[in-house]
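Notes follow once the structure below has been shown.
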Amino acid sequence: MKKNILITGGAGFIGSHVIRLFVNKYPNTNIINLDKLTYAGNLENISDIDKKDNYKFIKGDITNADFIYDLFKKYDFEGVIHLAAESHVDRSITNPNEFINTNVFGTANLLNAAKDAWKDNYSDKLFYHISTDEVYGSLGETGLFTETTAYDPRSPYSASKASSDHLVRAYRHTYGLPTVISNCSNNYGANQFPEKLIPLSINNIKNNKQIPIYGKGENIRDWLFVQDHANAIELIYRKGKAGETYNIGGNNEWTNVDLIHRLCKVMDEELGKKKGTSEKLITFVKDRAGHDLRYAIDSSKLQTELGWKPSVTFEQGIVLTVKWYLENEKWLNNIISGDYKKYYQKQYHN
Ligand code: NAD
Ligand code: DAU
């Protein structure tokens, strides 16, 4: 009998890279992808693996407790890798309840179902929760987030992720559920929905539209190539210790304005445009409410204890990313739906 692993949110940006990695690496394990297919979920992200024998897609909502309970009765999961979430900070500012519902109640439903389904024998089981560096709050000019940094979430998104992390730790402490959490910095790469800074800017440059930079563009993010995050998740699933937390990050800090200048340079090269063309589209717009100044991750625990390291530099990764978006115009056009257009107009007033 093949073992079963449940991966939630596998039609989203990071989840699709994780699904592909597991399906290809573990042909003798069934990989079950549970996804509601919200605006951010797209089965095209994983169309290359959807015919594989060890892959199954289930459309479903983690906020539906009965459905989740039945799913755990039907399948004998050896593990859960939980990525499904509402993930965009700006959307959380306009619609916090959606985030609280999915990220907090959805996670609680999965924890309850795993706890009950596995209660007779927790050994060889793992509930792996994918979280974010944003739970740690905002840094000043110096310092890094470590696994022991106190939580200080400051947006409805990060507060909902922090709540879900707390629930995961509480289930470990109270019921002994074997859990692991990882907190990762900003991801970039293929298949990211074009509401996030990098794909939004690529799409705008391509269409000769303004590149909106919030405030003065001085906010700093620590960028990691998405496949390096997926590799870290696979490693932690295999080798991580129950009860532990692992920070994942690229050691790759950029102010937003410097990042966009670099992106403009790559876009000019890839589109065969004169140097400096794309930069002219940069526009400074109203700042994000409560905009965190700086995130930066110390991933030394993951590197020394489990031997992870990033496989590409940012300079390589950003070129790969730009090429992917330019070569996958159909993917981009298909997801720029009516819903996206409405969101874009509301957010940027154009
Ligand atoms: P995403 O928004 O691209 O994808 C989220 C996926 O979850 C989508 O496929 C969506 O359909 C699914 N989903 C949403 N609500 C659901 C529900 N109620 N039931 C079932 N499925 C549902 O997100 P992402 O950027 O790929 O992030 C994935 C995870 O990684 C999230 O938990 C996020 O907090 C975390 N994370 C993201 C980043 C980043 O830079 N993107 C960094 C660190 C951590
Ligand atoms: O740090 C990890 C987090 O990274 C993840 O947990 C989130 O799911 C993910 O969305 C991401 O959050 P950010 O808010 O950092 O990503 P975003 O791409 O939305 O914004 C990156 C930076 O760029 C941030 O400082 C805000 C700024 N920004 C963003 C957009 C969309 C702009 O200046 N202009 C924009 O139009």
Taking alpha-carbon centroids only, the range 13-70 lies from the range 199-267 a number of Å equal to 23
Over all viewing directions the Cα convex hull of the range 265-350 casts an average projected area in nm² of 9.0
Whole-percent tail of the Cα-Cα distance distribution for the range 199-259, cut at 20 Å, equals 49
Evaluated at 25 °C and 0.890 mPa s, the Stokes-Einstein D of the chain based on the Kirkwood radius over Cα pairs, in µm²/s, stands at 119
If the label point sits 7 Å along Cα→Cβ of D339, residues of the range 38-75 with amide N under 12 Å come out as 38-43
Sorted by accessible surface (1.4 Å probe, heavy atoms of the protein chains only), largest first, E78, E270 come out as E270, E78
The range 1-67 accessible area per residue, 1.4 Å probe, protein heavy atoms, integer Å², reads 45
quick shape note, the range 96-235: Cα extents on principal axes in Å, largest first -> 59, 32, 31
By the Kirkwood definition, with r running over pairs of different Cα atoms, the range 160-304 has a hydrodynamic radius in Å of 17.3
Share of accessible surface on carbon and sulfur in the range 217-319, whole %, 1.4 Å probe and ligands ignored, is 48
Quick shape check on the range 9-125: root eigenvalues a ≥ b ≥ c of the Cα gyration tensor, a/c under 1.5 is rounded, otherwise prolate if a/b tops b/c, else oblate, and it reads oblate
FRET efficiency for Y122 and E44 from the Cβ-Cβ distance with R0 = 41 Å, rounded to 0.05, comes out at 0.65
Expressed in angstrom and rounded, the centroid-to-centroid distance over alpha carbons for the range 306-349 and the range 274-295 is 16
DSSP beta bridges in the chain: the antiparallel percent, rounded to 5, is 5
FRET efficiency for R262 and D70 from the Cβ-Cβ distance with R0 = 56 Å, rounded to 0.05, comes out at 0.70
So the carbon and sulfur contribution to the accessible area of the range 66-131, 1.4 Å probe, in percent, is 46
Subtracting the Cα-Cα distance of E269 and V285 from 0.36 nm times their residue separation yields 3.1 nm
Here FRET efficiency (C-beta to C-beta, K2 to E329, R₀ 35 Å, nearest 0.05) is 0.40
Expressed per residue, the solvent accessible area of the range 208-350 in Å² (1.4 Å probe) is about 51
Any DSSP H helix in the chain with Cα axial reach of 24 Å or more and mean Kyte-Doolittle score of at least -1.0? Listed by number, the hits are 156-175
The range 62-123: Kirkwood hydrodynamic radius (Cα pairs, Å) comes out at 12.6
Ratio for the range 219-311, C-alpha Rg to 2.2 N^0.38 Å, reads 1.41
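The values are calculated or read from the model by the stated rules, or taken from the named source; none is laboratory data. This is a predicted model, so every value here is computed, not measured. Note that we place each Cβ from the backbone using ideal geometry, even for glycine, and neighbour counts take in every protein chain shown. Remember, those area values only see protein heavy atoms, side chains included, never the ligands or the DNA or RNA. Shrake-Rupley method; radii C 1.70, N 1.55, O 1.52, S 1.80 Å.
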